[in-house]
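Novice: Attaching a single structure in structure tokens format; questions to follow.
The values are calculated or read from the model by the stated rules, or taken from the named source; none is laboratory data. This one's a predicted model, so the numbers in the text were calculated from it and none came from an experiment. A quick note on method: Cβ atoms are made from the backbone with ideal geometry, for glycine too, and the neighbour counts reach across all protein chains shown. Each accessible area value is taken on the protein alone, full model and side chains, heavy atoms only, with ligands, DNA and RNA left out. Shrake-Rupley method; radii C 1.70, N 1.55, O 1.52, S 1.80 Å.
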Amino acid sequence: QVQLVESGGGLVQAGGSLRLSCVASGRLFSSITMGWFRQAPGKDREFVATIPWSGIIYYADSVKGRFTVSRDNAKNTVYLRMNSLKPEETAVYYCAAKISRSRVGATRSDEYDYWGQGTQVTVSS
């Protein structure tokens, strides 16, 4: 069993930045794909970014050039740096983990095995 805890959400003005963190604990495997998703009220959970344990990082088109995902495997932590935030990106942001040896990430929410509780990001106009 793996537990994921996100932090770093909050209120930010449009154009501002936030860095989210996700700390994993419990039974961890050497090959874990991590992902970030977000969900606004009344909308489906949407893919933001994915980073394999070792492989190619992939971003949703809507965040390319503004968001950066990274991971520190020694600390069992992944990060999401969000720059130039837009009001329409107000949502609960979730961290997810998938046990996988693949060198490519996963973009579908149903591919993931574990989820964090989410952290609220509010972008004011």
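Novice: Given LYS98, LYS75, which one is open to solvent by less than 70 Å² (accessible area, probe 1.4 Å) and touching a residue at least 12 places away in the same chain (Cβ under 8 Å)?
Specialist: Testing whether each residue is open to solvent by less than 70 Å² (accessible area, probe 1.4 Å) and touching a residue at least 12 places away in the same chain (Cβ under 8 Å) leaves just LYS98.
Novice: Kindly provide the set of residues from the stretch 62-72 that are under 16 Å from GLN39 (Cα atoms) and either open to solvent by 50 Å² or more (accessible area, probe 1.4 Å) or touching a helix residue (DSSP H, G or I) at 6+ places or on another chain (Cβ under 6 Å) (or both), ordered by number.
Specialist: SER62
Novice: Next question, about the same structure. Would you point out which residue out of LEU28, LEU20 is aliphatic (A, V, I, L, M) and at pLDDT below 95?
Specialist: From the options LEU28, LEU20, the qualifying one is LEU28.
Novice: When you look at VAL5, is it open to solvent by 50 Å² or more (accessible area, probe 1.4 Å) and either within 16 Å of TYR112 (Cβ to Cβ) or assigned to a strand (DSSP E or B) (or both), yes or no?
Specialist: When the stated conditions are applied, VAL5 passes them.
Novice: From the set of residues in the stretch 18-44 that are charged (D, E, K, R) and within 12 Å of the chain's Cα centre (by Cα), which is surrounded by the fewest Cβ atoms within 10 Å (Cβ to Cβ)?
Specialist: Only one residue fits best here, namely ARG19.
Novice: A further question follows. Take ALA49 and decide whether it is at pLDDT 95 or above, closer than 20 Å to SER21 by Cβ and among the aliphatic types (A, V, I, L, M).
Specialist: Spelling it out, ALA49 is indeed at pLDDT 95 or above, closer than 20 Å to SER21 by Cβ and among the aliphatic types (A, V, I, L, M).
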